[in-house]
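*Asks:* The structure's right below; bear with me while I get my questions together.
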Amino acid sequence: MKLSLGKWLLPLYALLALIFLMVPIVYTFVFSFNDSLKSNIVWRGFTFDKWLNVCQVQNGAVCAAFGNSILIAVVATVAATTLGTMIAIALVRYRFRFRSQTSLLLFLPMATPEVVLGAGLAAQFLSVGVPKDMTTIILAHTMFCISFVVVTVKARVAGLDPALEEAGRDLYGSATQVFARITFPLLLPGILAAALLSFALSFDDFIITNFNSGPVTTFPKYIYVSAARGIPAEANVIASAVFILALVIVVTTQVSSAARAKRLAKQG
Amino acid sequence: MANGEFASAGADLELVGIQKRFPGFTAIEHLDLKIPAGSFFALLGPSGCGKTTTLRLVAGLEEPTAGRILIGGTDVTNQKSFQRPVNTVFQSYALFPHMTVLENVAFGLRRRRIDDPVAKAHEALRLVELDHLASRRPLQLSGGQQQRVALARAIVNRPALLLLDEPLGALDLKLRRQMQLELKTIQEEVGLTFLHVTHDQEEAMTMADTVAVMNKGRIEQMGAPEELYELPRTAFVANFLGQSNLFTGPVVGSTSEAISVDVAGQKVVVPAARAHRHTGEVTIGVRPEKLSLHLTEPVGDVGRNIMGPGRVIDVSFSGVSTQYLVEVPRIGTLIVFAQNMAFGPVAHEGSEVWMSWNIEHGFGLEDDASVEPRFEADDTTRSIATQKRSSLLTELEGA
Amino acid sequence: MAFAAFSTSTTTPEPAPRRKSPVALLLLLPGILYLVLFFLAPLVSLLLTSFQAPSEFGDVGQYSYAFRWENYVDVVAAYWPHIMRSFGYALAATVLALLFSYPLAYFIGVKARAWPLLQSLMLVLVIAPFFISFLLRTLAWKQLLSDESFVITSLKALSLMAPDAYFTGTPLAVIFGLTYNFIPFMTLPLYTTLERLDLRYLEAGSDLYAHPFEVFRKITIPLSMPGIVAGTLLTFIPAAGDYINASRDFLGGPDTQMIGNVIEANFLVLQNYPAAAALSIILMSVILVIVSIYVKRSGTEELL
């Protein structure tokens with residue numbers, strides 16, 4: 001194999017691989033414009049209707065489910081991010097006993113299959129006699145998001161130069177001031193990344209939700225339930241909108257941090 | 001290079017018309033070099049001069065934009081690094097962290113299917129006195145030990161040509177002196193050809209048979225260490241190798257024996273054989289340790305140049321010698337090294353002094369001192385192509 | 001492990017020595033208590049449920065506490081094929097994901113190092129599937145690979161597939177779905193490790209007479225092992241418990257039911273909570289064994 005061919009093989013593979021990964025996304029997006037009736041399987045024609053009237057189908061069931069998902073995700077994210085950030089800071093900055101047990105406890109939810117998590121929580125709610133509703137979903141989501149928050153923030157805390165906080169103390173800052181004005185702003189990108197991850201995990205969760213939701217419908221649950229009889233194109237609309245929004249956020253953060261890094265390098 | 005065999009002796013290296021361009025800048029303009037077999041050759045220069053690029057070209061880790069590379073008479077320009085009978089001792093050692101010391105050393109032998117790699121690896125480790133650590137991992141060794149393992153790993157393959165990329169940079173002074181002696185001994189014992197790249201001129205002069213001073217992608221001067229030191233050809237070499245006092249002025253008289261140069265009213269004589277240019281505006285120089293310091297105006301001597309009076313503006317004690325900075329009006333600041341034969345300095349700050357030196361010790365440069373600043377600029381090359389940026393920066397550090 | 005890909009700093013500064021302080025307890029307690037309450041306790045609950053027996057005079061779905069270990073025997077006897085199938089599919093999906101992701105991660109992490117913006121954008125594309133609902137992704141493949149789809153009809157037209165063959169509903173489809181959905185989980189840890197690979201080791205290998213393939217086998221792979229292990233764990237474990245791909249409404253058929261499907265059916269439909277719990281415990285135990293092997297070899301510090 002001559003060098004010229006070998007050199008292009010890998011980039012070509014990478015390109016094809018990325019295209020392969022995009023296929024279902026493109027499909028979903030395209031079919032959100034399908035002029036479908038009940039089920040969205042056969043292409044009938046192009047229309048913007050579904051995008052414009054997304055909440056009208058099935059008496060707004062899709063939008064209601066979407067709204068539930070958003071609400072749950074927001075509350076669970078706030079809770080998980082708070083609890084997780086505190087743990088991450090403790091893990092990196094402090095010594096304490098039972099360190100390895102704590103790490104294990106934090107790791108296990110990530111390693112446990114969702115069926116087990118879902119069934120376990122459901123079994124517990126059952127035995128305690130708590131009815132399944134929005135609250136149980138939020139409690140469940142917060143639980144599995146904490147570990148992911150810890151991992152993400154921990155990476156950020158570990159990368160924080162302690163000299164910065166020492167400089168703050170050296171310049172007469174109290175512990176609270178140092179935290180508020182130096183530590184927290186520097187941690188913020190990591191915390192936001194963790195929050196974003198947590199939000200995404202919560203929003204897209206189906207299995208755990210399915211076990212613990214009772215009558216409440218979230219967006220993924222709606223899709224699962226409709227899968228048998230036919231998913232309306234409006235679900236595609238919402239999914240596509242979420243995708244585009246997420247993509248824009250992530251790309252913007254990447255581009256802006258790269259631009260900032262470039263600017264700083266030039267000044268230095 | 002057949003599989004399974006060692007080279008019978010060191011081979012010579014020839015670079016013909018080598019040019020290396022990266023997007024954005026040219027690392028090597030035009031390089032012609034011939035290193036005879038069995039010699040210890042040092043490539044010396046500041047960071048960014050192209051010496052590491054040259055090394056990588058010889059190793060096969062880079063491809064030249066133009067030119068040919070011949071090892072032992074064979075054109076290896078199109079051969080990849082794993083096909084060339086060349087081994088490198090990397091600046092960062094690059095010992096495989098997931099293998100033991102023994103496995104590291106045996107690595108090359110195994111790839112070439114050489115018999116009994118383990119025994120040979122042990123032998124090489126004994127040569128660097130690290131056989132007792134054969135089953136350790138590289139990360140468990142000190143910097144000096146890692147360096148010796150890296151050396152053993154390269155030498156065990158008996159390559160026709162051994163490349164050393166600033167291998168002693170990370171070692172402390174004592175260990176470095178030790179390793180310099182060891183490297184020289186091993187080279188002479190085994191008879192390999194060594195190409196040693198460094199920015200440390202003392203190291204180059206101590207170890208090498210031949211030194212080439214490189215600057216901005218070109219070799220400025222090449223020869224035995226003493227030759228380069230006592231008779232530098234360019235201002236860069238004069239200032240890079242040790243320090244020099246340089247004077248610029250017009251030639252006011254020349255005979256077959258010597259030239260006389262007018263340096264701000266004072267006459268300086270340089271032997272014609274030691275001056276590259278005999279007419280016009282020339283730059284001449286003399287080494288600081290060749291100057292004698294006088295507290296009173298010395299008597300004229302046909303064999304010596306006299307300069308002065310000047311005023312001592314700085315006295316620096318450094319154990320073996322004392323460095324004096326002498327300001328001579330209309331000429332500039334001269335450096336004088338005086339061996340501390342007695343206690344205390346010869347002259348104090350503010351004293352009026354004269355300097356003299358043997359005419360035979362002066363030299364005349366081929367180029368102009370005004371081209372090269374007295375203290376050479378030490379910046380790393382700014383316009384480095386993005387794709388080679390990180391790798392080049394790590395290679396070029398260390399100045 | 002995997003999530004270092006999200007950290008922004010490329011160099012880790014000298015860490016400050018860890019302090020001992022009551023503040024640590026204050027920071028840890030809320031989160032840890034929460035996990036104990038909503039993670040550990042449910043697992044205990046699950047364990048207890050798995051030993052329950054049907055209530056004497058109760059309805060369907062009514063159980064009382066007992067130590068009916070026979071539940072486990074019943075469940076294994078009834079669902080032995082499903083258990084084996086789950087681990088089999090998960091293993092196949094893991095291997096396929098590894099083969100698919102390694103070259104991709106290698107390209108992004110090693111070859112594309114000179115263009116960090118390109119690296120970031122490619123990584124975004126790798127995790128982009130996460131932004132579309134998991135269910136819709138799987139459904140998309142179901143439609144794209146259904147009998148009437150363009151892909152299948154073309155394959156049949158080109159005689160690459162038998163005229164009466166079908167793809168959806170077969171084990172192959174389930175494995176395909178599992179592989180696709182877990183590719184990002186495999187790619188990110190691989191990328192993290194490969195991104196840190198010091199290329200000078202590869203140069204040293206080549207300098208020491210190793211052919212490019214030997215360099216890959218003897219140097220690149222061993223040095224990227226942490227990423228391979230992390231990716232494998234992150235893929236195999238959730239894949240084993242997945243039941244969406246295998247569900248009949250998605251890519252599965254009547255013979256592809258995995259342990260997750262069975263647990264769901266028993267819990268939500270049959271209300272046979274002990275059976276569902278017993279199966280969950282079995283699944284969890286196998287996973288714990290795998291995790292403990294990993295922890296024994298690498299310690300707990302690297303987990304997070």
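The values are calculated or read from the model by the stated rules, or taken from the named source; none is laboratory data. Remember, predicted model here, so these are calculated numbers, not experimental data. Cβ sites come from the backbone with ideal geometry, for glycine too, and all protein chains shown count toward neighbours.
*Asks:* Look through C:V126, C:V151 and report the one residue that is more than 7 Å from chain A (Cβ to nearest Cβ) and over 23 Å from C:F213 (Cβ atoms).
*Replies:* Being more than 7 Å from chain A (Cβ to nearest Cβ) and over 23 Å from C:F213 (Cβ atoms) holds for just one of C:V126, C:V151, which is C:V151.
*Asks:* Specify the residue that is surrounded by the fewest Cβ atoms within 10 Å (Cβ to Cβ); the eligible residues are those in the stretch B:83-115 that are among the charged types (D, E, K, R) and more than 7 Å from chain C (Cβ to nearest Cβ).
*Replies:* For the stretch B:83-115, the residue satisfying everything is B:D115.
*Asks:* With A:R263, A:R229 as the choices, which residue is within 11 Å of chain C (Cβ to nearest Cβ) and among the basic types (K, R)?
*Replies:* A:R229
Residues checked against (1) of a type in the set (F, W, Y); (2) out of contact with any Ser or Thr (no Cβ under 7 Å at 6 or more places or on another chain); (3) farther than 30 Å from C:K296 by Cα:
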| position | (1), (2), (3) |
| --- | --- |
| C:S146 | no, no, yes |
| C:A173 | no, yes, yes |
| C:Y180 | yes, yes, yes |
| C:I183 | no, no, no |
| C:R200 | no, no, yes |
| C:I219 | no, yes, no |
| C:T235 | no, no, no |
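*Asks:* Here are the criteria: (1) within 30 Å of C:F216 (Cα to Cα); (2) in contact (Cβ under 8 Å) with a residue 24 or more places away in the chain. Tell me which single one C:L121 does not satisfy.
*Replies:* (2)
*Asks:* Now for a different question. What do you reckon, is B:G24 at positive phi and surrounded by 16 or more Cβ atoms within 10 Å (Cβ to Cβ)?
*Replies:* No: the conditions fail for B:G24.
*Asks:* Follow-up question, since we're still on this one. Being modelled with pLDDT under 75 and either out of contact with any strand residue (DSSP E or B) (no Cβ under 6 Å at 6 or more places or on another chain) or surrounded by fewer than 13 Cβ atoms within 10 Å (Cβ to Cβ) (or both), is that true of even one residue in the stretch C:16-29?
*Replies:* yes
*Asks:* Cβ contacts < 8 Å: first residue closer than 25 Å to C:L35 by Cβ, restricted to the stretch A:58-79; second residue modelled with pLDDT under 95 and outside any helix (DSSP H, G or I), any location; separation 6+ or different chain. Result?
*Replies:* Once the first residue is closer than 25 Å to C:L35 by Cβ and sits in the stretch A:58-79, its partners that are modelled with pLDDT under 95 and outside any helix (DSSP H, G or I) give A:N68/A:V216; A:N68/A:T217; A:N68/A:T218; A:S69/A:T218; A:I72/A:T218.
*Asks:* Regarding C:T235, is this residue under 30 Å from A:K154 (Cβ atoms), surrounded by fewer than 24 Cβ atoms within 10 Å (Cβ to Cβ) and touching a residue at least 12 places away in the same chain (Cβ under 8 Å)?
*Replies:* Judged against the criteria, C:T235 is not a match.
*Asks:* Turning to a different aspect of this structure: Condition first: within 11 Å of another protein chain (Cβ to nearest Cβ), touching a residue at least 60 places away in the same chain (Cβ under 8 Å), under 26 Å from C:F130 (Cα atoms) and aromatic (F, W, Y). Can you find one or more residues in the stretch A:7-26 that meet it?
*Replies:* Checked against the condition, which is being within 11 Å of another protein chain (Cβ to nearest Cβ), touching a residue at least 60 places away in the same chain (Cβ under 8 Å), under 26 Å from C:F130 (Cα atoms) and aromatic (F, W, Y), the stretch A:7-26 yields no hits at all.
*Asks:* Among (1) among the aliphatic types (A, V, I, L, M); (2) at the interface with chain C (Cβ under 7 Å from one of its Cβ atoms); (3) more than 23 Å from C:V289 (Cβ to Cβ); (4) in contact (Cβ under 8 Å) with a residue 40 or more places away in the chain, there is one condition A:A119 misses while meeting the rest; what is its number?
*Replies:* (3)
*Asks:* Cβ-Cβ below 6 Å, separation at least six or inter-chain, first residue in the stretch A:90-115 and within 7 Å of chain C (Cβ to nearest Cβ) and in contact (Cβ under 8 Å) with a residue 40 or more places away in the chain, second part of a helix (DSSP H, G or I) and hydroxyl-bearing (S, T, Y): which pairs?
*Replies:* A:L106/A:S147
*Asks:* Hey, could you check the stretch C:109-120 for residues that are in a helix (DSSP H, G or I) and within 7 Å of another protein chain (Cβ to nearest Cβ) and say which is nearest to C:D198 (Cα to Cα)?
*Replies:* C:K111
*Asks:* Scanning for something facing chain C (nearest Cβ under 7 Å), aliphatic (A, V, I, L, M) and more than 15 Å from the chain's Cα centre (by Cα), does the stretch A:208-224 turn up at least one residue?
*Replies:* yes
*Asks:* Can you find a residue in the stretch A:134-147 that is within 11 Å of chain C (Cβ to nearest Cβ) and either surrounded by fewer than 18 Cβ atoms within 10 Å (Cβ to Cβ) or outside any helix (DSSP H, G or I) (or both)?
*Replies:* Within the stretch A:134-147, none of the residues are within 11 Å of chain C (Cβ to nearest Cβ) and either surrounded by fewer than 18 Cβ atoms within 10 Å (Cβ to Cβ) or outside any helix (DSSP H, G or I) (or both).
*Asks:* For the stretch C:203-304, list the helices (runs of 4 or more DSSP H) that sit wholly inside it and hold at least 3 residues that are more than 9 Å from chain A (Cβ to nearest Cβ) and not β-branched (V, I, T); which are they?
*Replies:* In the stretch C:203-304, C:225-241, C:273-298 are the helices (runs of 4 or more DSSP H) which contain 3 or more residues that are more than 9 Å from chain A (Cβ to nearest Cβ) and not β-branched (V, I, T).
*Asks:* Looking at C:D198 and the list (1) within 18 Å of B:F82 (Cβ to Cβ); (2) free of Cβ contacts under 8 Å to residues at least 40 places away in the same chain; (3) facing another protein chain (nearest Cβ under 8 Å), which single condition is not satisfied?
*Replies:* Here C:D198 clears every test but (1).
*Asks:* Can you give me the number of residues within the stretch B:66-99 that are closer than 24 Å to B:P138 by Cβ, hydroxyl-bearing (S, T, Y) and out of contact with any strand residue (DSSP E or B) (no Cβ under 6 Å at 6 or more places or on another chain)?
*Replies:* Residues flagged as closer than 24 Å to B:P138 by Cβ, hydroxyl-bearing (S, T, Y) and out of contact with any strand residue (DSSP E or B) (no Cβ under 6 Å at 6 or more places or on another chain) within the stretch B:66-99 amount to 3.
*Asks:* Among the numbered conditions (1) more than 28 Å from C:G260 (Cα to Cα); (2) within 11 Å of another protein chain (Cβ to nearest Cβ), tell me where A:A195 comes up short.
*Replies:* Every listed condition holds for A:A195 apart from (2).
*Asks:* Further question on the same structure: Taking the residues in the stretch B:116-133 that are aliphatic (A, V, I, L, M) and crowded, with 20+ Cβ neighbours inside 10 Å as candidates, determine which candidate is farthest from the chain's Cα centre (by Cα).
*Replies:* Filtering first and then ranking leaves B:A121.
*Asks:* Looking at A:S36 and the list (1) modelled with pLDDT of 90 or more; (2) among the polar types (S, T, N, Q); (3) not in a helix (DSSP H, G or I), which single condition is not satisfied?
*Replies:* Just one mismatch for A:S36, condition (1).
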